[in-house]
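The next block holds one structure in the form of structure tokens; read it before the comments.
The values are calculated or read from the model by the stated rules, or taken from the named source; none is laboratory data. Please read all numbers here as calculations on a predicted model, not as lab measurements. Cβ coordinates were reconstructed from backbone atoms using ideal geometry, including for glycine residues, and neighbour counts include every protein chain displayed.
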Amino acid sequence: MPDFFHPGQRWISESEPELGLGLVQRVTARTVTVAFKASDETREYARDNAPLRRVRFRTGDTIKTHKDSTLRVESVSERSSLIYYHGDGCEICETELSDAISFNMPEERLFAGQVDAPGAFDLRVSALRQQYRQRKSKVRGFVGGRIDLIPHQLYISAEVSGRLAPRVLLADEVGLGKTIEACLILHRLILTGRAQRVLILLPESLVHQWFVELLRRFNLWFHIFDEERCAAIEATNPEINPFLDDQLVLASIGLFTGSERRVQQALTAGWEMLVVDEAHHLGWSPESVSREYSLVEALSRQTPGLMLLTATPEQLGMASHFARLRLLDPDRFFDFSEFLQEAGSYLDVARLAAKLQTSQPIEGDDL
């Protein structure tokens with residue numbers, strides 16, 4: 001890079017080559033101001049370390065002027081710190097060059113002599129290798145969280161997040177960390193690019209608790225949506241879907257139970273992961289279905305990933321457990337009476353397994 005700048009010279013930004021050809025407008029003792037008219041941008045750089053490179057075309061190059069005429073360069077001269085190109089019996093000053101000339105593509109930079117130092121290439125290769133090692137790491141998404149490394153939480157999170165589109169029921173006892181497990185799974189899915197649009201539905205009392213946990217422990221910035229926020233977004237455009245305004249959304253399930261409009265907006269928002277806490281409060285029976293359950297059921301049918309956080313199945317009975325399983329896999333769990341028969345056969349197997357583990361004899365009636 002020359003030790004001086006001069007108004008009228010043409011430079012290109014090495015850090016932002018997409019801006020096009022820059023024109024030096026003003027030079028002071030400390031700064032240089034460059035206008036990139038093709039992109040309607042102006043940049044002011046520190047004169048001593050500006051990331052700029054002087055544009056110099058060579059004999060044989062074809063250049064374009066701002067009047068859309070072209071010139072094949074036959075010779076190059078320099079006067080008063082400005083470059084002049086000669087060819088076809090005419091002379092063009094560099095100030096007349098087209099502003100739209102850019103060197104985005106590698107071949108364009110190569111042919112224009114816009115090359116980097118070997119050290120810069122080595123640094124870029126090293127950075128890409130480090131990025132590759134980070135992305136293929138088996139613990140990617142599990143490090144960085146401000147949590148204690150508890151084995152059972154890490155095991156469950158690794159098992160679930162290893163699936164392409166996880167649909168799972170997290171039903172640990174109270175206090176064993178279902179929320180942390182769900183956040184770990186989300187953290188990994190988001191970092192690995194497998195879940196960009198996430199909707200978390202919660203009881204009203206848990207919305208801010210989840211927001212704080214996600215932000216403080218995992219640096220995941222979810223946006224809390226309530227009726228006031230939705231109305232504010234729609235105030236600018238009544239036809240807009242407010243749930244398309246952000247990728248990561250926290251909402252109370254009560255936001256939807258009182259508004260069919262919000263339900264339809266949520267159904268058309270295109271989520272990749274749905275998380276429902278306190279899912280055992282979604283009322284369902286073979287005879288009647290609550291509005292909350294219907295909402296989650298409709299969303300779950302349109303969302304690839306689903307996580308339900310709930311109490312242990314024994315606490316609320318088989319009907320409640322079957323209702324959660326219906327949400328996860330409606331094709332597998334479609335008939336409650338058949339589910340009860342199948343579950344009963346598992347109890348027989350469990351009794352046999354218990355006898356084998358304790359070395360008790362197995363009678364004919366056990367088979």
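Can you tell which of E287, E292 is among the acidic types (D, E), without any contact (Cβ under 8 Å) to a residue 40 or more places away in the chain, part of a loop (DSSP other than H, G, I, E, B) and closer than 27 Å to F336 by Cα?
Values: E292 fails: part of a loop (DSSP other than H, G, I, E, B).
After applying the criteria, what remains is E287.
Given the criterion at pLDDT 90 or above, more than 19 Å from the chain's Cα centre (by Cα) and of a type outside the set (D, E, K, R), identify the matching residue among V174, V168, V198. Spell out how you get there, then give the answer.
Numbers: V174 fails: at pLDDT 90 or above; V198 fails: more than 19 Å from the chain's Cα centre (by Cα).
Residue meeting the stated conditions: V168.
Scanning for something over 30 Å from T192 (Cβ atoms) and part of a loop (DSSP other than H, G, I, E, B), does region 266-274 turn up at least one residue? Give the steps one after another, and end with the answer.
Step one: filter region 266-274 for residues over 30 Å from T192 (Cβ atoms), giving none.
No, there is no match, as no residue in region 266-274 is over 30 Å from T192 (Cβ atoms) and part of a loop (DSSP other than H, G, I, E, B).
For region 311-344, how many residues meet the condition of being among the hydroxyl-bearing types (S, T, Y) and either within 21 Å of R291 (Cα to Cα) or part of a loop (DSSP other than H, G, I, E, B) (or both)? Steps first, answer last, please.
Narrowing region 311-344 to residues among the hydroxyl-bearing types (S, T, Y): 312, 320, 337.
This time we only want the ones that are either within 21 Å of R291 (Cα to Cα) or part of a loop (DSSP other than H, G, I, E, B) (or both), so: 312, 320.
Within region 311-344, residues that are among the hydroxyl-bearing types (S, T, Y) and either within 21 Å of R291 (Cα to Cα) or part of a loop (DSSP other than H, G, I, E, B) (or both) number 2.
Quick one: is P313 loosely packed, with under 13 Cβ neighbours inside 10 Å, of a type outside the set (G, A, S) and at negative phi?
Working: loosely packed, with under 13 Cβ neighbours inside 10 Å: no; of a type outside the set (G, A, S): yes; at negative phi: yes.
So P313 fails the test.
Do you know which of the residues in region 185-204 that are assigned to a helix (DSSP H, G or I) and touching a strand residue (DSSP E or B) at 6+ places or on another chain (Cβ under 9 Å) is nearest to L169 (Cα to Cα)? Spell out the reasoning first.
Within region 185-204, the subset assigned to a helix (DSSP H, G or I) is 185-191, 204.
From what is left, the residues that are touching a strand residue (DSSP E or B) at 6+ places or on another chain (Cβ under 9 Å) are 185-186, 189-190, 204.
On the way: I185: 13, L186: 14, L189: 17, I190: 19, E204: 21 Å.
So, considering only residues that are assigned to a helix (DSSP H, G or I) and touching a strand residue (DSSP E or B) at 6+ places or on another chain (Cβ under 9 Å), the one nearest to L169 (Cα to Cα) is I185.
Given L340, L347, L352, L325, which one is in the same structural domain as S157 (by TED's automatic domain parsing) and either under 24 Å from G177 (Cβ atoms) or among the hydrophobic types (A, V, I, L, M, F, W, C) (or both)? Lay out the reasoning, then the answer.
Working: L340 fails: in the same structural domain as S157 (by TED's automatic domain parsing); L347 fails: in the same structural domain as S157 (by TED's automatic domain parsing); L352 fails: in the same structural domain as S157 (by TED's automatic domain parsing).
Within the list L340, L347, L352, L325, the selection yields L325.
If you check every pair at least six apart or on different chains, which have Cβ atoms under 7 Å apart with a residue in region 151-172 that is farther than 14 Å from P304 by Cβ first and a residue that is part of a strand (DSSP E or B) and among the acidic types (D, E) second?
Qualifying pairs under 7 Å: none.
Can you go through T257, T268, T236 and tell me which one is farther than 16 Å from I190 by Cβ, out of contact with any helix residue (DSSP H, G or I) (no Cβ under 6 Å at 6 or more places or on another chain), among the hydroxyl-bearing types (S, T, Y) and in contact (Cβ under 8 Å) with a residue 12 or more places away in the chain? Can you show your working first?
Values: T257 fails: out of contact with any helix residue (DSSP H, G or I) (no Cβ under 6 Å at 6 or more places or on another chain); T236 fails: in contact (Cβ under 8 Å) with a residue 12 or more places away in the chain.
Every option except T268 fails the conditions.
Would you confirm, using the coordinates I've provided, whether I240 is of a type outside the set (S, T, N, Q), surrounded by fewer than 18 Cβ atoms within 10 Å (Cβ to Cβ) and in the same structural domain as A182 (by TED's automatic domain parsing)?
Values: of a type outside the set (S, T, N, Q): yes; surrounded by fewer than 18 Cβ atoms within 10 Å (Cβ to Cβ): yes; in the same structural domain as A182 (by TED's automatic domain parsing): yes.
For I240, the condition - of a type outside the set (S, T, N, Q), surrounded by fewer than 18 Cβ atoms within 10 Å (Cβ to Cβ) and in the same structural domain as A182 (by TED's automatic domain parsing) - is met.
Taking L308 as meeting all but one of (1) buried (at least 18 other Cβ atoms within 10 Å of the Cβ); (2) in a helix (DSSP H, G or I), write down the number of the exception.
Failing condition for L308: (2).
Looking at S69, S75, S81, S39, can you tell me which residue is polar (S, T, N, Q), over 20 Å from E14 (Cα atoms) and within 46 Å of the chain's Cα centre (by Cα)? Break it down stepwise before answering.
Values: S75 fails: within 46 Å of the chain's Cα centre (by Cα); S81 fails: within 46 Å of the chain's Cα centre (by Cα); S39 fails: over 20 Å from E14 (Cα atoms).
So the residue among S69, S75, S81, S39 that is polar (S, T, N, Q), over 20 Å from E14 (Cα atoms) and within 46 Å of the chain's Cα centre (by Cα) is S69.
What's the number of the only condition in (1) in contact with a Gly (Cβ under 7 Å, 6 or more places away or on another chain); (2) surrounded by 14 or more Cβ atoms within 10 Å (Cβ to Cβ); (3) at pLDDT below 90; (4) of a type in the set (G, A, S) that A112 fails to meet?
Of everything listed in (1) in contact with a Gly (Cβ under 7 Å, 6 or more places away or on another chain); (2) surrounded by 14 or more Cβ atoms within 10 Å (Cβ to Cβ); (3) at pLDDT below 90; (4) of a type in the set (G, A, S), A112 misses just condition (1).
Report those strands (runs of 3 or more DSSP E) wholly inside region 22-96 carrying at least 1 residues which are without any contact (Cβ under 8 Å) to a residue 40 or more places away in the chain, in contact with a Gly (Cβ under 6 Å, 6 or more places away or on another chain) and surrounded by fewer than 16 Cβ atoms within 10 Å (Cβ to Cβ).
Numbers: elements: 22-27, 31-36, 41-46, 52-54, 62-64, 70-72, 75-79, 82-87, 90-93.
By residue number, 70-72.
For region 234-260, how many residues are in a helix (DSSP H, G or I) and under 22 Å from the mean Cα position of the chain (by Cα)?
3
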